[in-house]
Amino acid sequence: MKQSNARTECPAAQAETPVGLLCRLLRGTGQVMFQNNAWCGLLFLIGIFWGAYQGGTPAVAWGAVVGLVVSTCTGRLLELPSNEGDEGLWGFNGVLVGCAFPTFLGSTGWMWLALVLCAALTTWVRTGLNNVMAPWKINSMTFPFVLCTWLFLLAARALHGIPAPNLSAPALTETFSTAGLFSFADLLAWWLKGVAQVFLIDSWVTGLLFLVGLAVSNWRAALWAAIGSALALCMALLFGASGSAVAHGLYGFSPVLTAIALATVFYRPSLRSAVWALLGIAVTFFVQAGMNMLVAPFGIATLTAPFCLATWLFLLPLLRLDDNRHPDHTDWHNKH
Amino acid sequence: MKQSNARTECPAAQAETPVGLLCRLLRGTGQVMFQNNAWCGLLFLIGIFWGAYQGGTPAVAWGAVVGLVVSTCTGRLLELPSNEGDEGLWGFNGVLVGCAFPTFLGSTGWMWLALVLCAALTTWVRTGLNNVMAPWKINSMTFPFVLCTWLFLLAARALHGIPAPNLSAPALTETFSTAGLFSFADLLAWWLKGVAQVFLIDSWVTGLLFLVGLAVSNWRAALWAAIGSALALCMALLFGASGSAVAHGLYGFSPVLTAIALATVFYRPSLRSAVWALLGIAVTFFVQAGMNMLVAPFGIATLTAPFCLATWLFLLPLLRLDDNRHPDHTDWHNKH
Amino acid sequence: MKQSNARTECPAAQAETPVGLLCRLLRGTGQVMFQNNAWCGLLFLIGIFWGAYQGGTPAVAWGAVVGLVVSTCTGRLLELPSNEGDEGLWGFNGVLVGCAFPTFLGSTGWMWLALVLCAALTTWVRTGLNNVMAPWKINSMTFPFVLCTWLFLLAARALHGIPAPNLSAPALTETFSTAGLFSFADLLAWWLKGVAQVFLIDSWVTGLLFLVGLAVSNWRAALWAAIGSALALCMALLFGASGSAVAHGLYGFSPVLTAIALATVFYRPSLRSAVWALLGIAVTFFVQAGMNMLVAPFGIATLTAPFCLATWLFLLPLLRLDDNRHPDHTDWHNKH
């Protein structure tokens, strides 16, 4: 196993050098979509910066960097097992925290202080939740980010010092707009935005960069990300989801993650695991729609909770879809 | 143990014949109230059809059939352990999904597609949740139905394609009507409706059929179902619960299930286990009232969640109420 | 270990005498703040009575006594391991139930009946939840009180027989008042009220009595309770929390408990564990603010849930902050 784990895309990853740290940080960005690959992470970061600056919210990009650095360094300070750090597993929740805070909250000093605390928190919450889930042979995935960010977003509503201008107001019913006429170009943009929204970015160019980044690391992951966003988009239109949510890619990001997880990470590629992943995408779509209503009274976003919940529901039965489960599966479990 | 498990009410249950499949389907209906008995399941189905047609909602009955068949076949397709299928354990969550969807949702094509997906989902979610709970020596009971149906009912609020005409609007306070004057005949009807509502049926005749079905399989189960509904009804009137909820039997169904579970399934009959079951009924009543308020802002129903939560609270301490716990208990755990 | 556990503050604790029972009851009160010490519990009770009578709500004090006695006797009736009873571990959830019910609910006969049932319930729910959490090497702490009381407070909203005059109305946004000008005496009172609110008492004198009670048992616990309330108060003012909540000590009680737990119970005192506890206090502050918004739509209080959640997040990673974890830690786990 050691050979297969000795990734060659960044030989310096384990070194105590600035290059080694940079490599671990970039891998942390890649791990949001399960890619232990620095080049993939670099393309993700470029996508984040492009989308954030294009959208007039540069704080999102710098938040991502701060969250990534803080959470990665926290793992070192707490002396967690260093092999996890080498693979970028300390940083992926932190980078998402860093994207989420400036997306929803006003850029005050108190907000940045809270961002730093929350990003650091995700690192040991991940260790804790993985301990909880270890007997069930599942992993906390991005749920540490979801849990910690939910708590801080809710707290922002109760604290004057952290304004929350971009959280929708708590409401008992979702604001609902029917999708009007749309062109094929619209469809293409919505599909790519579904991929971009994994990092809370609302830009089709970013989505394209993310797909390229995935392909650099693993072409199957890129393919399944594309399938996940496309199938969810079709279902959203057929089942009549809110048009504005569809147009911002908000029905796509969770199915993208479920697709990558089920088809390429936890199960060996096969016809049966492909069917399983397609079912997973469909269920994630409904879970996303349902959780949108569940969080509406609290005025927060679902974040990637629908992906976590749906994927757990497909992993917990411990079904064997192939002769063996994906060999990396057990391995991934042991490591994560 | 094998002898005692070799039920004789349906010798064909394990055979790969249409009769065998029918037998497994009927047992699946019976397992909603923990009865591994085809005749009991048949009487339950008759009760469902009577109540659905009488109430002008035949789709509920046909939904039950569809949900039952889909979830049972899913267990076969996934190659889950066949002894579970022989005892009807793949079908009981699916039949409840099939009752719930047409009860709350409009009968569109998309709704039926969602029903099929949700019924299938319950089969492997049950396997997954049982894996989660195995270390605690408890069982997911009807919670797979609750969890999956909650997600889809919430999703229906966000999707034009699945209208939800019979879900109450999300609200911060329950609509509250005091119980007016009532006769002994009213009491009798409300008491029987409490049993019928286990399958979401609002008919006292159905409640009577369910009690007969239980008695065919296990007279103690019938007795405790009757006690559960009666005690909960008394408490609802004494503590001043909403009159309309009481009159539709909505305070009865969860205590009915708790009573059967604690008094006849998980503990050997004795004076102490009877007291334990009575306490369980009382606590379930309060949990039902509390969860009514908990789900109100989301505009969904509690389903059988109060039964699951309250019963778990009585099983988790692993108290021994007798010389031994109910022998079928361990056995039931191993199998479920 | 036996020697160190043989507390000498009350030699009669294990005796089947009225004095022994009294000792176990007082220890139960002390265990709310992790103190297995009858004198500490006595000072807590005096504080409760002072605050309740001073505040014109004597029912709170008598509720505390009833809840304490009922939950302690329930442990005996259920024949739970008697060493737990000797250390007061049956009573600490019950005494909190007894404080909470008359604080929020009207003093009707039905309320007192519900109080008795709920207090008894906490005893076996604690056993059950500890069974659930044992594999993760954490403990349910005051969560049995939180869970059971939440269910009954919610139920009170649905039941005429249990009026809930002092629960705030369900709302989508918190009523929010900015803190006006305040003096140093105000700060002092708010700081002490933060300690008093552990038992839902709104009196600075009670807070002082609680600190004295803690000091009698363990000066470190008193010190950390003081630090916890002070740091949370500072953060609440700096981050701009609701002024009325701050002035009633409502941001203090959860951090007080987190501070005692992390700095004196679960980790051996050291510089590293002190930093860990300070981080825990800060995170608890945000969790308290966030959960205030989470429970607002249901019109219930957070109770001590923020303490439980935040402390679990700091215990679950099983970090070793010292050469060894606190020796009492393992011990405490084994016993609780």
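Brief remarks on what is shown
- Counted residues, region C:253-270 - those being away from chain A (no Cβ under 14 Å), under 17 Å from C:Trp219 (Cα atoms) and either without any contact (Cβ under 8 Å) to a residue 60 or more places away in the chain or not in a helix (DSSP H, G or I) (or both): 5
- Neighbours by Cβ (under 7 Å, 6+ apart or cross-chain): first from region C:107-128, among the basic types (Lys, Arg); second surrounded by 19 or more Cβ atoms within 10 Å (Cβ to Cβ): C:Arg126/C:Asn93; C:Arg126/C:Ser140; C:Arg126/C:Pro144
- Among the residues making up region A:232-244, those that are part of a helix (DSSP H, G or I) and touching a residue at least 60 places away in the same chain (Cβ under 8 Å) are A:Gly243, A:Ser244.
- Among the residues making up region B:299-321, none is in contact (Cβ under 8 Å) with a residue 60 or more places away in the chain, more than 7 Å from chain C (Cβ to nearest Cβ), outside any helix (DSSP H, G or I) and under 23 Å from C:Asn130 (Cβ atoms).
- Breaking point among (1) of a type in the set (Gly, Ala, Ser); (2) in contact with a helix residue (DSSP H, G or I) (Cβ under 6 Å, 6 or more places away or on another chain); (3) under 21 Å from A:Val205 (Cα atoms), for A:Gly67: (3)
- Hits in region C:12-32 (condition: within 26 Å of C:Leu211 (Cβ to Cβ) and either surrounded by fewer than 24 Cβ atoms within 10 Å (Cβ to Cβ) or touching a residue at least 40 places away in the same chain (Cβ under 8 Å) (or both)): C:Ala13, C:Leu22, C:Arg24, C:Leu25, C:Leu26, C:Arg27, C:Gly28, C:Thr29, C:Gly30, C:Gln31, C:Val32
- Test: residue in region A:48-55 that is of a type in the set (A, V, I, L, M), surrounded by fewer than 24 Cβ atoms within 10 Å (Cβ to Cβ) and more than 16 Å from the chain's Cα centre (by Cα): no
- Qualifying residue in region B:39-47 (condition: β-branched (Val, Ile, Thr) and surrounded by 21 or more Cβ atoms within 10 Å (Cβ to Cβ)): no
- Filtered by the rule that a residue be of a type outside the set (D, E, K, R), assigned to a loop (DSSP other than H, G, I, E, B) and buried (at least 19 other Cβ atoms within 10 Å of the Cβ), region C:173-217 gives C:Leu200, C:Ile201, C:Ser203.
- The set of residues in region A:133-172 being more than 10 Å from every other protein chain (Cβ to nearest Cβ), assigned to a loop (DSSP other than H, G, I, E, B) and of a type in the set (A, V, I, L, M) consists of A:Met141, A:Ala164, A:Leu167.
- Residue ID - surrounded by the most Cβ atoms within 10 Å (Cβ to Cβ), chosen from residues in region B:75-112 that are of a type in the set (Phe, Trp, Tyr) and farther than 22 Å from B:Leu21 by Cβ: B:Phe101
- Considering region C:222-236, the residues that are more than 16 Å from C:Leu187 (Cβ to Cβ) and not aromatic (Phe, Trp, Tyr) include one that is farthest from the other protein chains (Cβ to nearest Cβ), namely C:Ala222.
- Among the residues of region B:107-127, the one identified as farther than 16 Å from B:Trp150 by Cα, in contact with a Pro (Cβ under 6 Å, 6 or more places away or on another chain) and either of a type in the set (S, T, N, Q) or not in a helix (DSSP H, G or I) (or both) is B:Thr127.
- Test result for A:Leu208, farther than 30 Å from B:Ala164 by Cβ, modelled with pLDDT under 95 and out of contact with any Pro (no Cβ under 8 Å at 6 or more places or on another chain): no
- Of everything listed in (1) within 15 Å of the chain's Cα centre (by Cα); (2) assigned to a helix (DSSP H, G or I), the single unmet condition for B:Arg220 is (1).
- Residues in region B:237-252 that are within 13 Å of another protein chain (Cβ to nearest Cβ) and either within 21 Å of the chain's Cα centre (by Cα) or among the polar types (S, T, N, Q) (or both): B:Ser242, B:Ser244, B:Ala245, B:Val246, B:Leu250, B:Tyr251.
- Residue in region C:56-63 that is closer than 15 Å to C:Leu26 by Cβ, touching a Cys at 6+ places or on another chain (Cβ under 8 Å) and not hydrophobic (A, V, I, L, M, F, W, C) present: no
- Check on C:Ser229, more than 23 Å from A:Leu78 (Cα to Cα), among the hydroxyl-bearing types (Ser, Thr, Tyr), assigned to a helix (DSSP H, G or I) and at pLDDT 95 or above: yes
- Among the residues making up region A:281-298, those that are surrounded by fewer than 24 Cβ atoms within 10 Å (Cβ to Cβ) and either closer than 13 Å to A:Thr258 by Cα or more than 8 Å from chain B (Cβ to nearest Cβ) (or both) are A:Ala282, A:Val295, A:Phe298.
- Verdict on B:Gly180 being away from chain A (no Cβ under 14 Å) and either touching a Gly at 6+ places or on another chain (Cβ under 6 Å) or over 26 Å from B:Gln14 (Cβ atoms) (or both): yes
- Test set (1) of a type outside the set (D, E, K, R); (2) more than 12 Å from chain C (Cβ to nearest Cβ); (3) crowded, with 24+ Cβ neighbours inside 10 Å - A:Leu115 fails condition number: (2)
- Residues being without any contact (Cβ under 8 Å) to a residue 40 or more places away in the chain, farther than 26 Å from A:Gln197 by Cα and not in a helix (DSSP H, G or I) - total across region A:52-82: 2
The values are calculated or read from the model by the stated rules, or taken from the named source; none is laboratory data. Here the structure is a predicted model, which is why all the values come from computation and not from measurement. FYI the Cβ positions are ideal-geometry reconstructions off the backbone, even for glycines, and counts take in every protein chain you see.
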